[in-house]
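What follows is a short report on a single structure.
The values are calculated or read from the model by the stated rules, or taken from the named source; none is laboratory data. Remember, predicted model here, so these are calculated numbers, not experimental data. Note that we place each Cβ from the backbone using ideal geometry, even for glycine, and neighbour counts take in every protein chain shown.
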Amino acid sequence: MAQPRTLFSLLLEQPWWISALVGLGLFAIAQIAFPPVAPFVALPFFAIAIYVAYRQMRTVSPGQVEARLAALRELSWEPFSALITNAYRRDGYDIESVNQSACDFKLTKQGRVTLLQCRRWKVNQLGAGPLEELAKAIASQDAHNGICICAGTFSPKAREFATGKPLHLVHGIELAALAGKIATRKKQ
């Protein structure tokens, strides 16, 4: 059962200026009703606006996402796997190539093992089969979790299968941000 959404969780998904407008509106209303509390009423919304603005500055713009994903799909395995492993290496992971049917790399960070599967990155829609293999490998190798990368999308059955399991599905804007500007430079 889905948890109820709060105003703050909704604002975290909106552009930063929406939170700023809500804060400004609440400040104006509170200023009329009871002026001493007006700054305290608006403060959480301005804090969310600042946080969301910071987060949006650090991510990929929607216009760049498709260009980066298209550039990733054009890469052969060697440059693609190097790009992904370098991105995780920058995040502090130790990388070991395992080349099993269920996963391609073993990532280790702070003693925790993560299995990374990205072999089928070019497909338009990835089904549940590869995720089932990855989940079995996680259990058999006593890994903490698994990551599956796809430049397309995950099928509804794949997303349903991953729910509640130690699987993280990386695609879309998250994959474009992970790959960084390197993917678009390779295409030029």
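Some observations on this one:
- For the stretch 15-35, a tally of residues being buried (at least 17 other Cβ atoms within 10 Å of the Cβ) and among the β-branched types (Val, Ile, Thr) returns 1.
- Number of positions in the stretch 155-177 that are surrounded by 15 or more Cβ atoms within 10 Å (Cβ to Cβ) and within 11 Å of the chain's Cα centre (by Cα): 9
- Residue satisfying all of: in the stretch 135-154; surrounded by fewer than 17 Cβ atoms within 10 Å (Cβ to Cβ) and part of a loop (DSSP other than H, G, I, E, B); nearest to the chain's Cα centre (by Cα) among these: HIS144
- So LYS165, is it of a type in the set (Lys, Arg), in contact with a Gly (Cβ under 9 Å, 6 or more places away or on another chain), more than 30 Å from GLY63 (Cα to Cα) and in the same structural domain as ALA67 (by TED's automatic domain parsing): yes
- Total residues in the stretch 98-134, condition more than 18 Å from the chain's Cα centre (by Cα), closer than 15 Å to ALA158 by Cβ and outside any loop (DSSP other than H, G, I, E, B): 6
- Qualifying residue in the stretch 130-150 (condition: closer than 15 Å to LEU72 by Cβ and in contact (Cβ under 8 Å) with a residue 60 or more places away in the chain): yes
- Residue count for the stretch 7-35, restricted to those that are farther than 25 Å from PRO62 by Cα and either among the polar types (S, T, N, Q) or outside any helix (DSSP H, G or I) (or both): 2
- Extreme residue, farthest from PHE105 (Cα to Cα), among residues of the stretch 74-94 that are in contact with a strand residue (DSSP E or B) (Cβ under 6 Å, 6 or more places away or on another chain) and not in a helix (DSSP H, G or I): GLY92
Every residue, every condition in (1) surrounded by fewer than 11 Cβ atoms within 10 Å (Cβ to Cβ); (2) in a helix (DSSP H, G or I); (3) in contact (Cβ under 8 Å) with a residue 24 or more places away in the chain; (4) not assigned by TED's automatic domain parsing to the domain that holds VAL170, yes or no:
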residue: VAL37; (1), (2), (3), (4): no, yes, no, yes
residue: VAL41; (1), (2), (3), (4): no, yes, no, yes
residue: PHE45; (1), (2), (3), (4): no, yes, yes, yes
residue: ILE50; (1), (2), (3), (4): no, yes, yes, yes
residue: ALA53; (1), (2), (3), (4): no, yes, yes, yes
residue: GLU66; (1), (2), (3), (4): no, yes, no, no
residue: LEU69; (1), (2), (3), (4): no, yes, yes, no
residue: LEU72; (1), (2), (3), (4): no, yes, yes, no
